[in-house]
Amino acid sequence: MGTKYDQYIHHPPHLRLSMKSNGSVVFDGLMIGHQQLGYDFTIGHQFVTKPFKGDNPCHTHNFQEFIAWYGTNPEDPKDFGGEVVFYFGEEMEKHVFTQPTIVSLPPGLPHCPLEITRVDRPIIQVEIMLCGEGGTREPYFEKDAGFDPRKVMNFEIL
Ligand SMILES: [Zn+2]
């Protein structure tokens, strides 16, 4: 039976994104956004169990984004057990993370692609987007113009 507080309780749907080209999975986890939450906020959480390369060209947003990676060793939160490669800026400056990391991506900062290059044991990836209806996602380089995730990826709600 519903109560007046039910509106404050949400169960994030299970979403899977896979590449139409080769079926590789780039997101398989729980994702909930502003439509459900009624707030300019989206959060995705997934366990990464094997390396993957997101087909996500360098892009910018008109909102703040955070992406974080954590290990899953309950004995030691700083034990990461994986390797993440991430690119910043128009120079595509390459960074390699081998410890728990959060990247803060202000509006307009070019970022990606993203690649998980090593997974010794599952790692957790959390992405947070502070955006609502008007959120944008623009490929940064001319060569990627017109990139549309909906065209190259399957979106499945499980
Ligand atoms: Zn982004």
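The values are calculated or read from the model by the stated rules, or taken from the named source; none is laboratory data. Treat the numbers as computed from the prediction; the structure is a model and nothing was measured. Here the Cβ is made from the backbone with ideal geometry for all residues, glycine too, and neighbour counts use every protein chain on show.
Take the residues in segment 97-120 that are within 10 Å of the ligand (Cβ to nearest atom) and among the hydrophobic types (A, V, I, L, M, F, W, C); name whichever of them is surrounded by the fewest Cβ atoms within 10 Å (Cβ to Cβ). Among those that are within 10 Å of the ligand (Cβ to nearest atom) and among the hydrophobic types (A, V, I, L, M, F, W, C), it is L109. F80 meets the conditions (1) among the aromatic types (F, W, Y); (2) under 22 Å from N22 (Cα atoms); (3) modelled with pLDDT of 95 or more in every case but one. The failed one is (2). You will find that of E127, E83, the residue that is part of a strand (DSSP E or B), within 11 Å of the ligand (Cβ to nearest atom) and buried (at least 16 other Cβ atoms within 10 Å of the Cβ) is E127 and no other.
Looking across segment 42-56, the residues that are surrounded by fewer than 17 Cβ atoms within 10 Å (Cβ to Cβ) and either of a type in the set (S, T, Y) or over 13 Å from the mean Cα position of the chain (by Cα) (or both) come down to T49, K50, P51.
Of the set (1) closer than 24 Å to H14 by Cα; (2) surrounded by 13 or more Cβ atoms within 10 Å (Cβ to Cβ); (3) small (G, A, S), all apply to G134 but (2). Look at segment 43-67: where a residue is in a strand (DSSP E or B) and a partner is aliphatic (A, V, I, L, M) and near the ligand (Cβ under 10 Å from one of its atoms), sitting 6+ places away or on another chain with Cβ atoms under 6 Å, you get E65/L105; E65/M129; I67/V103.
Inspection of segment 112-131 finds a residue satisfying the criterion of being touching a Cys at 6+ places or on another chain (Cβ under 9 Å) and either touching a residue at least 12 places away in the same chain (Cβ under 8 Å) or of a type in the set (V, I, T) (or both). Of the numbered criteria (1) modelled with pLDDT under 95; (2) within 26 Å of G146 (Cα to Cα), the one Q64 fails is (1).
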